[in-house]
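Novice: One structure coming up, written as structure tokens, with questions to follow.
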Amino acid sequence: MSDAARENASARDVLIVGAGHAGAQAAIALRMAKFDGSIALLGDEPELPYERPPLSKEYLSGEKPFERLLIRPASFWRDRDIEVLTGRRVTSVDPEAHEVLCADGFAVAYRRLVWAAGGTPRRLVCSGHDLIGVHTVRTRSDVDRMRVELEEATRIVVIGGGYIGLEAAAVLVKAGKNVTLVEALDRVLARVAGEPLSRFFEAEHRANGVDVRLGACVECIEEHNGRVSGVRLAGGEVLDCEMIVVGVGIMPSVEPLLAVGAAGTNGVAVDQQCHTSLPDIFAIGDCALHSNAYADGAWIRLESVQNANDQAAVVAKTLCGIEDRYQEVPWFWSSQYDLRLQTVGLAGGHDRAVVRGDPAKRSFSIIYLRRGRVVALDCVNAMRDYVQGKRLVKDAAAISPDLLADASIPLKSL
Ligand code: FAD
């Protein structure tokens with residue numbers, strides 16, 4: 001055993017790997033539930049736990065300083081006796097010995113382990129994907145690097161028309177950059193929203209000056225003197241640029257668990273108390289693959305702050321011996337320009353989308369139905385629908401589409 005390993009031979013009662021949103025909330029929830037055992041929160045980033053949503057919004061634009069992203073100040077962790085170990089990456093887990101090993105040889109023993117390692121951005125696979133000037137948006141250091149280069153960049157290509165790509169495009173075009181957004185499918189937000197919402201956001205981005213290219217496939221990234229100089233599309237067109245932002249999803253960070261036999265693919269499988277198939281090992285947040293009642297029981301991962309918080313609360317209770325199960329209605333938000341999108345439920349598999357209100361007035365909702373029942377809402381600048389619609393999703397309410405479409409009838413009365 002190495003010196004470092006010996007130093008850490010005393011097992012933490014709870015070791016949390018991943019000091020991001022879910023990990024931090026799990027530690028907080030444990031102390032709130034009066035858990036008095038030892039807790040260590042171990043993560044590979046150098047910072048204390050911070051919120052990621054502003055990275056593609058107010059932190060990228062410079063409106064919010066990093067200090068305001070911190071989930072809690074340093075004193076909070078000290079005062080509650082939560083040991084925060086930053087800058088350490090776990091590379092393997094030994095479920096029998098109840099020990100994790102970090103890349104630098106540092107070993108930590110645990111009684112129970114909570115895996116909250118999130119995910120890493122999916123990268124392009126074409127040539128030039130790793131050139132200087134190609135960026136992803138997942139961590140503070142990603143955005144800090146981008147902000148330094150932004151001073152010199154005037155033409156930016158954003159690859160991927162999901163939430164992160166669209167949010168980054170909105171910030172960059174507002175900052176006066178020439179922004180082209182490249183999406184391989186025939187509409188933005190295609191994986192998460194219905195067509196009316198996609199068309200609405202496409203139109204908003206175009207109106208704000210973003211050159212939106214749909215059905216456009218990237219062939220390769222072109223370079224000049226070791227730096228990005230353009231994006232070549234299938235068909236031969238080259239979009240000249242000094243910077244590229246890639247937002248094409250994440251890969252869950254679960255290799256150390258899958259390597260020792262944890263069930264799961266594209267995530268680590270958990271039950272409703274967040275147990276993995278390995279003894280004394282739990283998983284929460286973006287990396288946790290679970291059967292979700294709001295997706296007809298399908299096994300999915302949710303990448304949202306709400307899911308991170310709710311699973312953290314469930315795992316904390318489970319660790320304290322309190323009966324609980326994860327069964328929250330999923331919700332999410334995004335902001336682009338002056339638009340606040342709030343979604344509740346999961347629209348995947350819907351067979352009807354009802355538009356409520358007038359998209360031209362920039363305040364409206366889309367209500368999704370599956371087999372006649374409300375399964376999700378996307379609300380744009382429509383807080384009341386969002387709040388009241390949550391109940392309809394929770395109850396899987398069966399309501400006539402005509403009534404849902406009538407914006408003069410409050411959803412709560414339905
Ligand atoms: P993370 O917050 O990613 O934390 C995981 C941590 O574990 C990271 O620090 C990672 O570096 C670390 N780690 C990984 N592997 C290891 C290892 N082997 N050893 C040690 N540490 C490791 N959600 C919303 O609901 N609304 C939004 O508007 C929104 N906007 C977003 C914008 C951006 C740019 C991003 C990136 C995400 C956004 N999200 C949003 C999603 C939300 O931030 C995530 O769902 C949430 O952070 C998930 O928490 P997590 O703890 O599972 O993962």
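Novice: Tell me which residues come under 5 Å, amide H to amide H, from T139 once H is placed; ignore anything under 5 positions away on its chain.
Specialist: Under 5 Å from the amide H of T139: no residue qualifies.
Novice: For the chain, give the magnitude of the charge dipole about the Cα centre (Cβ charges: +1 Lys/Arg, -1 Asp/Glu; no others), in debye to the nearest 20. Walk me through the intermediate numbers first.
Specialist: Values: 47 positive and 55 negative charges, 242 e Å.
In total the dipole reaches around 1160 debye.
Novice: Which of the peptides 170-178, 118-126 is most tightly packed, and how do the rest follow, going by the mean number of other Cβ atoms within 10 Å of each residue?
Specialist: Numbers: 170-178: 18.9, 118-126: 15.8.
So the order, starting with the most tightly packed, is 170-178, 118-126.
Novice: Taking loop as defined by DSSP and a crowding limit of 14 other beta carbons within 10 Å, which trypsin sites (Lys or Arg not before Pro) in the stretch 19-70 fit? Please list the in-between numbers first.
Specialist: Numbers: sites: R31, K34, K57, R68; in loops: K34, K57.
When the trypsin sites (Lys or Arg not before Pro) of the stretch 19-70 are filtered for loop state and at most 14 Cβ neighbours within 10 Å, K34 remain.
Novice: Right, another one. Rounded, prolate or oblate: pick one for the stretch 226-316, where a ≥ b ≥ c are the square roots of the eigenvalues of its C-alpha gyration tensor, a/c under 1.5 means rounded, and failing that, prolate if a/b is larger than b/c, else oblate. Show your work: numbers first, answer last.
Specialist: On the way: a/c = 2.82, a/b = 2.39, b/c = 1.18.
Since a/c reaches 1.5 and a/b is larger than b/c, the shape of the stretch 226-316 is classed as prolate.
Novice: Moving on to the next point. Taking a cut-off of 28 Å between Cα atoms, list the lysines near K390, but don't count ones fewer than 8 places away on the same chain.
Specialist: Correct list for K390: K57, K317, K361, K412.
Novice: Which of A347, A295, A283 moves the most in a Gaussian network model of the chain with Cα springs under 10 Å?
Specialist: Of A347, A295, A283, the Gaussian network model singles out A295 as fluctuating most.
Novice: Please give the FRET efficiency for L403 paired with E323, using the beta carbon to beta carbon distance and R0 = 51 Å, rounded to the nearest 0.05.
Specialist: Numbers: r = 38 Å, r/R0 = 0.75.
The formula returns an efficiency of 0.85 here.
Novice: Based solely on its DSSP helices, what 222 nm [θ] is calculated for the chain when runs of n ≥ 4 H residues each add -39,500 (n - 2.57) and the sum is averaged over all residues, nearest 500 deg cm²/dmol? Display every interim value, and only then the final one.
Specialist: Numbers: 11 runs with 100 residues, N = 414.
Here the helix-only value at 222 nm equals -7000 deg cm²/dmol.
Novice: Then there's this: Ignoring ligands, DNA and RNA, what accessible area per residue does the chain give at 1.4 Å, in Å²? Working shown, then result.
Specialist: Details: 18170 Å² over 414 residues.
Solvent-accessible surface per residue comes out at 44 Å².
Novice: Once a ≥ b ≥ c are taken as the square roots of the eigenvalues of the Cα gyration tensor of the stretch 269-414, is the result rounded (a/c under 1.5), prolate (a/b larger than b/c) or oblate (a/b not larger than b/c)?
Specialist: Judged from the Cα gyration tensor, the stretch 269-414 comes out prolate (a/c at least 1.5, a/b above b/c).
Novice: Please compute the Kirkwood hydrodynamic radius over the stretch 166-214, one decimal place, Å, based on all pairs of different Cα atoms.
Specialist: Numbers: mean 1/r = 0.0923 Å⁻¹.
Computed over the stretch 166-214, the radius equals 10.8 Å.
Novice: If you don't mind, there's one more thing I want to ask. Collect residues whose amide H, placed 1.01 Å from N in the peptide plane, falls under 5 Å from the amide H of I16; neighbours closer than 5 in sequence don't count.
Specialist: A40, L41, L42, V114
Novice: Within 10 Å of each candidate Cβ there may be at most 13 other Cβ atoms; applying that plus a DSSP loop requirement, which GluC sites (Glu not before Pro) in the stretch 265-374 survive?
Specialist: Numbers: sites: E303, E323, E328; in loops: E303, E323, E328.
Passing both the DSSP loop test and the Cβ count: E323.
Novice: Continuing with the same structure: What percentage of the solvent-accessible surface of the stretch 129-178, computed with a 1.4 Å probe over protein heavy atoms, is contributed by carbon and sulfur atoms? Walk me through the numbers on the way to the answer.
Specialist: Numbers: 1050 of 2130 Å².
Reported share for carbon and sulfur atoms: 49 percent.
Novice: Using the Karplus curve 6.51 cos²θ - 1.76 cosθ + 1.60 with θ = phi - 60°, what ³J(HN,Hα) values do you get for each residue of the stretch 337-345, in whole Hz, with x for Gly and Pro?
Specialist: 6, 9, 9, 10, 9, 10, 10, 9, x
Novice: Quick one: in the stretch 46-175, what % of C-alpha pairs are over 18 Å apart? Could the numbers behind the result be given before it?
Specialist: Numbers: 5402 of 8385 pairs.
Tail fraction, whole percent: 64.
Novice: Let me ask you something else. Can you sort K394, K412 by 1.4 Å-probe accessible area, starting with the largest? Walk me through the numbers before you get to the answer.
Specialist: Values: K394 115, K412 155 Å².
Sorted descending by solvent-accessible area, the residues read K412, K394.
Novice: Could you derive backbone 3J(HN,Hα) for the stretch 33-41 from the dihedral phi with the Karplus parameters 6.51, -1.76 and 1.60 (θ = phi - 60°), listing whole Hz in sequence and x where the residue is Gly or Pro?
Specialist: Coupling constants for the stretch 33-41: 7, 6, 5, 10, x, 7, 10, 10, 10 Hz.
Novice: In the chain, which whole DSSP H runs stretch at least 20 Å along their own axis (Cα) and average -1.0 or higher on the Kyte-Doolittle scale? If you can, show how the numbers build up before the last one.
Specialist: Numbers: long enough: 305-319 (21 Å, 0.10).
Passing helices, by number: 305-319.
Novice: Apply the a/c threshold of 1.5 to the C-alpha gyration tensor of the chain and tell me whether it is rounded, prolate or oblate. Don't skip to the end; give the middle numbers.
Specialist: Numbers: a/c = 1.95, a/b = 1.21, b/c = 1.61.
Cα axes put the chain in the oblate bin.
Novice: A follow-up question, please. Can you tell me which aspartates and glutamates have their Cα less than 19 Å from the Cα of K174? Leave out same-chain residues fewer than eight positions away.
Specialist: Cross-link targets: E58, E63, D144, E149, E151, E152, E202, E204, D211, E242, D338.
Novice: Hey, what do the phi angles of the stretch 397-408 turn into as Karplus ³J(HN,Hα) couplings, whole Hz, using 6.51/-1.76/1.60 and θ = phi - 60°, x for Gly and Pro?
Specialist: Calculated HN-Hα couplings, in order: 5, 9, 9, 5, x, 5, 5, 4, 6, 7, 5, 7 Hz.
Novice: Dipole of the stretch 259-336, Cα-centred, from +1 at each Lys and Arg C-beta and -1 at each Asp and Glu C-beta, to the nearest 20 debye?
Specialist: Around 80 debye, computed over the stretch 259-336.
Novice: Right, here's the next one. Just how many % of Cα pairs in the stretch 1-117 lie over 16 Å apart, if you round to the nearest whole percent? Walk me through the numbers before you get to the answer.
Specialist: Working: 4104 of 6786 pairs.
Above the 16 Å cut-off, the stretch 1-117 has 60 percent of its Cα pairs.
Novice: Which residues' amide hydrogens lie under 5 Å from the amide hydrogen of T91, considering only partners 5 or more residues apart or on another chain, with H built in the peptide plane?
Specialist: Close amide H contacts, sequence-distant or interchain: L101, C102, A103.
Novice: Given charges of +1 on the Cβ of Lys and Arg and -1 on the Cβ of Asp and Glu, with all other atoms neutral, how large is the dipole of the stretch 63-164 about its Cα centre, in debye to the nearest 20?
Specialist: Working: 16 positive and 15 negative charges, 64 e Å.
Computed charge dipole of the stretch 63-164: roughly 300 debye.
The values are calculated or read from the model by the stated rules, or taken from the named source; none is laboratory data. Bear in mind the structure is a predicted one, so any value in this text is a computation, not a measurement. Quick reminder, even Gly has a Cβ in these numbers, built from the backbone with ideal geometry, and neighbours come from all protein chains shown. Calculation scope for accessible area: heavy atoms of the full protein, side chains included, ligands and nucleic acids excluded. Shrake-Rupley method; radii C 1.70, N 1.55, O 1.52, S 1.80 Å.
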